[in-house]
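Below: one structure, written as structure tokens.
The values are calculated or read from the model by the stated rules, or taken from the named source; none is laboratory data. The structure presented is a predicted model; accordingly, all values stated were derived computationally and were not measured. In this analysis, Cβ positions are derived from the backbone assuming ideal geometry, glycine residues included, and neighbour counts consider all displayed protein chains. With ligands, DNA and RNA removed, areas are computed over all heavy atoms of the protein, side chains included. Shrake-Rupley method; radii C 1.70, N 1.55, O 1.52, S 1.80 Å.
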Amino acid sequence: MVCLGNICRSPTAHGVLEKLLQNKGLSDSIEVDSAGTSTYHIGDHPDPRSIAAAQRRGYSLEAQVARQVRSSDFQEFDYVLAMDIDNLQHLESAAPSGCKANVQLLLSFSSDATESVPDPYFGDAGQGFEKVLDLVEDSCQCLLVQLQRELSNTKTEQ
Ligand code: 4NP
């Protein structure tokens, strides 16, 4: 999960998918992580407003620590998912040639027509963070269905 600062949107997506995987007993099969395209907040914990909004819905983000995307992410992960178009463009130019990871928008998995998860950082403490959670919860549910399908295909092939 990738956004600009790795303190608001991608930690939220990380925390939401992590919880969904735990609920399905899939934490040992599927790894989730998050990163930022920028260096602005490396080493920081998520924004307190993101932590509080997520906490109200039962997700725990406080242990996460921001880092920047690295080239090994494109080898280690099957999906490298951007929160907005700028993040996606950054990832597309950072991806090593021959990269096999699916580099796409998280919301390409959404049932919502919106393309991007709007950046809540410069807004007020309320609505923006709830909107992030609404969009991320919906798309992570759809993403999970896809991941489960891929896992069961892998098991059938073995
Ligand atoms: P994020 O939000 O990309 O969702 O983590 C932001 C956090 C910090 C900044 C911008 C966006 N910033 O400019 O510091």
**Under 14 Å from Lys100, Cα to Cα: aspartates and glutamates that are on another chain or at least 8 residues apart** = Asp73, Glu76, Asp78, Glu92
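Kyte-Doolittle cut-off -1.0, length cut-off 30 Å along the helix's own axis using Cα: show which whole DSSP H helices in the chain pass.
127-157
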**Asked** Quick one: what does P(r) look like for the chain with 5 Å bins over all Cα pairs, in whole %?
**Response** 2, 10, 19, 23, 22, 14, 6, 2, 1, 0, 0
**Prompt:** Which of these, Gly36, Gly98, Gly128, has the largest mean-square fluctuation under a Gaussian network model of the chain (Cα springs below 10 Å)?
**Reply:** Gly98
**Asked** For the stretch 2-157, what is the accessible area per residue in Å² when the probe is 1.4 Å?
**Response** 51
**Prompt:** What's the carbon and sulfur percent of the chain's accessible surface, probe 1.4 angstrom, rounded to a whole number?
**Reply:** 48
**Complete:** In a Gaussian network model of the chain with springs linking alpha carbons closer than 10 Å, the residue among Glu18, Glu76, Glu62 that fluctuates most is Glu76
**Fill in**
Taking a ≥ b ≥ c as the square roots of the eigenvalues of the Cα gyration tensor, with a/c under 1.5 meaning rounded and otherwise prolate when a/b exceeds b/c and oblate if not, the stretch 52-120 is oblate
**Fill in**
Residues meeting the amide H criterion for Val80 (H placed from the backbone, H to H distance under 5 Å, 5 or more places apart or on another chain) are Asn102, Val103, Gln104
**Request:** Tell me what the chain gives for mean residue ellipticity at 222 nm when only DSSP H runs of n ≥ 4 count, each as -39,500 (n - 2.57), the sum divided by the residue total, rounded to 500 deg cm²/dmol.
**Result:** -14000 deg cm²/dmol
**Prompt:** So, by mean Cβ neighbours within 10 angstrom, what's the order for 2-10, 115-123, 49-57 with the highest one leading?
**Reply:** 2-10, 49-57, 115-123
